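The values are calculated or read from the model by the stated rules, or taken from the named source; none is laboratory data. Source: prediction; values computed, not measured. Neighbour counts run over all protein chains shown; Cβ positions are idealised from the backbone, glycine included.
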Amino acid sequence: MQDLINKIIHGDCIEKMKALPNDSVDLIFADPPYNLQLPQNRKLLRENGTEVIPVNDDWDKFESYEDYDNFTENWIKECQRILKPTGT
């Protein structure tokens, strides 16, 4: 773990986190996919009425809502496992 101090780990988040020991991380900064794929005829609006521009990149595409939910559950579980009790 000493070689990971003050480092950014780049890669598949779940795969990389599985290689880390329990309770070993002080801070997790997460910006996961939000599954903003929308049909062409639908719009997603913010509370103030402005339109959210959907993402059309491969990293944000899932076969189904179930696949997205499974992905989300898996990365959150890994975060909980590796985050120190005093971590953020």
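Taking the stretch 57-84, which residues are free of Cβ contacts under 8 Å to residues at least 12 places away in the same chain and in a loop (DSSP other than H, G, I, E, B)? Give the derivation first.
Let us first name the residues in the stretch 57-84 that are free of Cβ contacts under 8 Å to residues at least 12 places away in the same chain, namely 57-58, 63-64, 66-67, 69-70, 73, 76-77, 80.
Residues satisfying the conditions are D57, E63, S64.
Being on the phi > 0 side of the Ramachandran plot, under 17 Å from the mean Cα position of the chain (by Cα) and of a type in the set (S, T, N, Q): is that true of N35 here? Walk me through it before giving the result.
Values: on the phi > 0 side of the Ramachandran plot: yes; under 17 Å from the mean Cα position of the chain (by Cα): yes; of a type in the set (S, T, N, Q): yes.
Taking the combined requirement at face value, the residue satisfies it.
Can you name the number of the only condition in (1) touching an Asp or Glu at 6+ places or on another chain (Cβ under 9 Å); (2) within 30 Å of P21 (Cα to Cα); (3) not acidic (D, E) that L44 fails?
Only one criterion in (1) touching an Asp or Glu at 6+ places or on another chain (Cβ under 9 Å); (2) within 30 Å of P21 (Cα to Cα); (3) not acidic (D, E) is unmet by L44, namely (2).
I'd like to verify a number: residues in the stretch 1-27 that are in a loop (DSSP other than H, G, I, E, B), over 23 Å from K61 (Cα atoms) and out of contact with any Pro (no Cβ under 8 Å at 6 or more places or on another chain), how many? Before you say what the answer is, go through the steps one by one.
Step one: filter the stretch 1-27 for residues in a loop (DSSP other than H, G, I, E, B), giving 1, 5-12, 19-24, 26-27.
With over 23 Å from K61 (Cα atoms) added as a condition, the list becomes 1, 5-8, 19-24, 26-27.
Now narrow it down to the ones that are out of contact with any Pro (no Cβ under 8 Å at 6 or more places or on another chain): 5-8, 19-22, 24, 26-27.
Residues in the stretch 1-27 being in a loop (DSSP other than H, G, I, E, B), over 23 Å from K61 (Cα atoms) and out of contact with any Pro (no Cβ under 8 Å at 6 or more places or on another chain): 11 in total.
Of all residues in the stretch 37-56, count the ones that are surrounded by 10 or more Cβ atoms within 10 Å (Cβ to Cβ) and either at pLDDT 95 or above or part of a loop (DSSP other than H, G, I, E, B) (or both). Step through it out loud before you land on a result.
First, pick out the residues of the stretch 37-56 that are surrounded by 10 or more Cβ atoms within 10 Å (Cβ to Cβ): 37-38, 43-44, 52-56.
Pick out the ones that are also either at pLDDT 95 or above or part of a loop (DSSP other than H, G, I, E, B) (or both) and you get 37-38, 43, 53-56.
Residues in the stretch 37-56 being surrounded by 10 or more Cβ atoms within 10 Å (Cβ to Cβ) and either at pLDDT 95 or above or part of a loop (DSSP other than H, G, I, E, B) (or both): 7 in total.
When you scan the stretch 11-33, how many residues do you find that are surrounded by 10 or more Cβ atoms within 10 Å (Cβ to Cβ) and of a type in the set (D, E, K, R)?
Residues meeting the conditions: 4.
For the stretch 63-79, name all the residues that are surrounded by 12 or more Cβ atoms within 10 Å (Cβ to Cβ) and over 13 Å from the mean Cα position of the chain (by Cα).
D67
Would you pick out the residues in the stretch 25-52 that are over 20 Å from E73 (Cα atoms) and either of a type in the set (F, W, Y) or touching a strand residue (DSSP E or B) at 6+ places or on another chain (Cβ under 9 Å) (or both)?
Looking only at the stretch 25-52, we keep the residues that are over 20 Å from E73 (Cα atoms), and these are 26, 38-52.
Those that are over 20 Å from E73 (Cα atoms) and either of a type in the set (F, W, Y) or touching a strand residue (DSSP E or B) at 6+ places or on another chain (Cβ under 9 Å) (or both): D26, L38, K43, L44, L45, R46, E51, V52.
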